[in-house]
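A short worksheet on the structure shown next.
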Amino acid sequence: MPLNAILLVLLWGLVAGWLPSLRRGPKQRAVWLIFLPIAIIKTIAVEPVGAAIQSVLGTNGDTLVKHLLAVVASVSLLRFVALITDRRPRRYHVLLAMGVTAVLVGLFTVARDGIHSSAEDLLTESHISTPELGYWLLLEAYLATVLSTGCLLVWRVSRASPTNPLRIGMWLMGAGTALNFLFAVYKSAYIVAHAAGLPLPTDLVVAISDSMLPVSGLLIVAGVLVPGWGLARELVGLRRSMRALAPLWRTMRETFPEMILYVSEKLPSADGILATARLRLYRRLIEIRDGMLELRRYVPPQTPARAREFLAERGVRSEHLAEACWIEVALRRKKAGEQPNFDGWTAMPGGADEREEARWLASVSRAHHVSRYPAEFADEVNPSSSARSPAPTP
């Protein structure tokens, strides 16, 4: 079924993508332990994998493994519920899960020919044995209880979500959990009805049964990915800003090595990749600004105005280029051994916040690294010095 294939790929992608977050705390580990068993369950549902397990455990052994993994995911969900509501995880959750597991294994062993998994196999049986009926009612009652708890929690948390993507993601997860809960109720209902001898439209029951779980899984995974997509976009933007700032930052590093915090490239990632990237960008902006504050002592305060006039004579109007021009003059004077002796600068132009500042300095970096005008302006201001400023190290 295409939905199952799509869900399988998304689940394993989510499991792999969540690995860096495991070190951040028990909440992240609980989420990972929810999706890992589900990904394994969907993998076992692939026919060659299920057949291999049956060859080891016997008829329908893959069904028992999938259900035990569902219990593990349920315990992780209850643990996540406790952690997100600032409560200590309850021991009885684990004890209850162990008890359910023991009873399920016992009923599976007693049941003749094991336990059938698909709705089609169940409904084609002329009679459901008592162990098999007890197995299904216990499993679905346990899962329905856990899923209803998770659904209520997700709904409550979504109402207090600070951002729209997170809120939408929580709604999707809540919808998926609710649909999974309805599936548990639905399956219990048609199993009891079949055991009571009521005639059922097998094709319709099977079609609904085969669609509910994949759809609920896709909703839950989509709910996790929606807020993650916004974070991924921000991470890409941070990486692009770092690359754009790199030429100017390297120039400052070579000119004022004592101002550069080299550990900024080796920050710990315990707070997550995104938090680390934000901190690196913030420190890089500070390092560049510190270098520019030191550089402006090498040129008179009117140098930026002269740079604007120089550019206007050539039909160019760009504040970024004007900044790059005075920076080039200052770099050459610093390289020539001149002493810093100019003061009286007013505030330098820049961004109103971190994002605007990153865009502004990235444009200045690009102008200084690519344009010919900074070097021409420096040649005009300092005709005795034709040496260009320190080139950024590749």
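The values are calculated or read from the model by the stated rules, or taken from the named source; none is laboratory data. What you see is a predicted model; the values in this text were computed from it and never measured. Cβ coordinates were reconstructed from backbone atoms using ideal geometry, including for glycine residues, and neighbour counts include every protein chain displayed. Quick note on the areas: whole protein, heavy atoms, side chains included, nothing else; ligands and nucleic acids left out. Shrake-Rupley method; radii C 1.70, N 1.55, O 1.52, S 1.80 Å.
Considering the range 37-56 alone, what residues qualify as being touching a helix residue (DSSP H, G or I) at 6+ places or on another chain (Cβ under 7 Å) and either under 17 Å from F108 (Cβ atoms) or charged (D, E, K, R) (or both)?
Within the range 37-56, the first condition is being touching a helix residue (DSSP H, G or I) at 6+ places or on another chain (Cβ under 7 Å), and the residues that meet it are 37-45, 49-50, 53-54.
Of everything in the range 37-56, those that are touching a helix residue (DSSP H, G or I) at 6+ places or on another chain (Cβ under 7 Å) and either under 17 Å from F108 (Cβ atoms) or charged (D, E, K, R) (or both) turn out to be I41, K42, I44, G50, I53, Q54.
Please count how many residues of the range 272-312 are in contact with a Ser or Thr (Cβ under 7 Å, 6 or more places away or on another chain) and either charged (D, E, K, R) or crowded, with 20+ Cβ neighbours inside 10 Å (or both).
So the answer is 6.
Suppose the filter is of a type outside the set (V, I, T) and in contact with a Leu (Cβ under 6 Å, 6 or more places away or on another chain); does A324 pass it?
On the way: of a type outside the set (V, I, T): yes; in contact with a Leu (Cβ under 6 Å, 6 or more places away or on another chain): no.
Judged against the criteria, A324 is not a match.
If we only count helices (runs of 4 or more DSSP H) wholly inside the range 314-388, which ones have 3 or more residues that are open to solvent by less than 30 Å² (accessible area, probe 1.4 Å) and touching a Phe, Trp or Tyr at 6+ places or on another chain (Cβ under 8 Å)?
On the way: elements: 319-335, 354-370, 373-381.
By residue number, 319-335.
Test each condition in (1) small (G, A, S); (2) open to solvent by less than 30 Å² (accessible area, probe 1.4 Å); (3) not in a helix (DSSP H, G or I) for S76 and report the one that comes out false.
Evaluating S76 over (1) small (G, A, S); (2) open to solvent by less than 30 Å² (accessible area, probe 1.4 Å); (3) not in a helix (DSSP H, G or I) leaves (3) as the failure.
Only residues in the range 223-244 that are in contact (Cβ under 8 Å) with a residue 60 or more places away in the chain count as the first member; pair them with residues that are of a type in the set (S, T, N, Q) and in a helix (DSSP H, G or I), Cβ under 7 angstrom, at least 6 apart or cross-chain, and list the lot.
Taking only residues 6 or more apart or on different chains, the pairs are A244/S365.
Since I128 meets every condition but one in (1) open to solvent by less than 40 Å² (accessible area, probe 1.4 Å); (2) within 25 Å of I6 (Cα to Cα), which condition does it not meet?
(2)
Can you tell me how many residues in the range 17-27 are open to solvent by less than 40 Å² (accessible area, probe 1.4 Å) and either in a helix (DSSP H, G or I) or hydroxyl-bearing (S, T, Y) (or both)?
Applying the first criterion (open to solvent by less than 40 Å² (accessible area, probe 1.4 Å)) to the range 17-27 yields 21-22, 25.
Cutting the leftovers down to either in a helix (DSSP H, G or I) or hydroxyl-bearing (S, T, Y) (or both) gives us 21-22.
Residues flagged as open to solvent by less than 40 Å² (accessible area, probe 1.4 Å) and either in a helix (DSSP H, G or I) or hydroxyl-bearing (S, T, Y) (or both) within the range 17-27 amount to 2.
(1) modelled with pLDDT of 85 or more; (2) in contact with a Gly (Cβ under 9 Å, 6 or more places away or on another chain); (3) open to solvent by less than 40 Å² (accessible area, probe 1.4 Å): which one isn't true of F181, the others all being true?
For F181, the failing item is (3).
Do you know which of the residues in the range 28-45 that are out of contact with any Ser or Thr (no Cβ under 6 Å at 6 or more places or on another chain), assigned to a helix (DSSP H, G or I) and of a type in the set (A, V, I, L, M) is modelled with the lowest pLDDT?
Taking the range 28-45 and keeping what is out of contact with any Ser or Thr (no Cβ under 6 Å at 6 or more places or on another chain), we get 29, 31-32, 35-45.
Among the residues that remain, those that are also assigned to a helix (DSSP H, G or I) are: 29, 31-32, 35-44.
Subsequent filtering for residues that are of a type in the set (A, V, I, L, M) retains 31, 36, 38-41, 44.
Details: V31: 84, L36: 91, I38: 89, A39: 90, I40: 92, I41: 88, I44: 89.
Only one residue fits best here, namely V31.
Tell me whether the range 59-73 contains one or more residues that are modelled with pLDDT under 85, small (G, A, S) and more than 22 Å from F108 (Cα to Cα).
No, that holds for no residue.
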